[in-house]
1. Stretch ALA284-VAL137 to full length: gain in nm at 0.36 nm per residue minus the Cα-Cα span?
2. If DNA, RNA and ligands are ignored and the probe is 1.4 Å, what is the ranking of LEU176, LEU86 by accessible area, most exposed first?
3. Sort 115-121, 178-184 for me by packing, meaning the mean count of neighbouring Cβ atoms within 10 Å per residue, highest on top.
4. Using θ = phi - 60° and the Karplus form 6.51 cos²θ - 1.76 cosθ + 1.60, what ³J(HN,Hα) does each residue of the range 104-118 get, whole Hz, x for Gly and Pro?
5. Considering amide H positions built from the backbone, and no H for Pro or chain starts, which residues 5 or more places from GLY108, or on another chain, come under 5 Å of its amide H?
6. Could you tell me the calculated FRET efficiency between GLU127 and ALA54, based on Cβ-Cβ distance and R0 = 22 angstrom, to the nearest 0.05?
7. Taking the full set of protein chains and a 1.4 angstrom probe, give the accessible area of SER244 in square angstrom, rounded to the nearest 10.
8. What accessible area per residue, rounded to a whole number of Å², is obtained for the range 34-83 using a probe radius of 1.4 Å?
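The values are calculated or read from the model by the stated rules, or taken from the named source; none is laboratory data. Fair warning: this is a prediction, and the values are worked out from it, not measured in the lab. Cβ placement follows ideal geometry from the backbone for every residue including glycine, while neighbour counts extend to all protein chains displayed. These accessible areas exclude ligands, DNA and RNA; they are computed on the full protein's heavy atoms, side chains included. Shrake-Rupley method; radii C 1.70, N 1.55, O 1.52, S 1.80 Å.
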Amino acid sequence: MTVALAAGYHGPPELTLARAFTQWTFDPWTCALVLLLGAGYLAGVRRARRRGLAWPAARVVSFAGIGLGTLVIAAMSWTGAYAGVLFYARAAQTILLLLLAPLFLALGRPLTLAIAVAPGRSGPRLEAVIRSRTARVLTFPAISTLVLVAVPFLVYFTPWYSAYFHSAGIRELTCLALIVPGFVFFWTLIRVDPVPKAYPYLVSLWITAAEVIGDAILGIAVIGDSRLIGGAYYHALARPWGPSLRFDQMLGGGTLWVFGDVVGLPFLVAQLIHMIREDETEAAEIDAELDARDAAAPTAAAPAAAAPAPDDRRPAELPWWESDPRFTGRFSPADDQ
């Protein structure tokens, strides 16, 4: 049976630790996307610096280095080479495309760069589109989080999962369907770029917690599913090495759960830190405003404290016994008599 299966198998060789570093594949569409995004971003940085706009190298590293590099790793390293063979390899690829790559792409502030270097009135128009009511509705936290959590559920629990293996177009669209919701999610929460609406960090904290829980539910659902996801495809593949199909699916569910939390939990902590810093900044601004008021209060009160001399006061400012002509003579100072 093993010889028969081996004869029908035409995939990559058995995955080992060494092959995890050396087994690569070439995805022309991903390569074209990475080159296009990278060239556009670097050209924008060059133009921004020519205009005198400081653009830190950390942003370039985040977008062009880590963000686009993660796309390359997801599509063309061992995760791409074995995504059609091992369930857990495709699960790792899903988390890279859904969470890790979009996080660093958003940290590179591509929208700020595009607004700054766009020719003519294109920059303000782009910012107006970002601030528009339609953008606020589409990026409403409940909607963006729901899409982020729902897309992988649809990928794994509908015929979409098997269609990925039979069509290059569906495979590339699947990658975009994971990257775009992830970018929108992190873009609106990190708020380093212009956003349609800046929600308080407490809202962002709850949204991030919901996303972490969603990853856990997805992983548990995959582990607990009694049927083999994409079973017909994997049986026909006849992979003669590696874990059994059932154990492979369990490994994939664990990857979705644990790997998703590994990415999500640090971001949750970062959101908590941002919330604390925002509260401290607001408290410092309020304290400074109160101190300024206290410092200005004695200066404003000083003229009122120095009352004018009795002879210089107007009749309206004198007490009644000094202003009434019937009593002015009776209460004249002793020195005048």
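1. Extending this stretch completely gives an extra 49.6 nm.
2. LEU176, LEU86
3. Packing order, densest peptide first, comes out as 178-184, 115-121.
4. With the stated coefficients, the range 104-118 comes to 7, 5, 5, 5, x, 6, x, 5, 4, 5, 4, 5, 6, 10, 5 Hz.
5. Hits under the 5 Å cutoff: PHE63.
6. 0.70
7. Counting only protein heavy atoms, SER244 exposes about 70 Å² to solvent.
8. On a per-residue basis, the range 34-83 sits at 48 Å².
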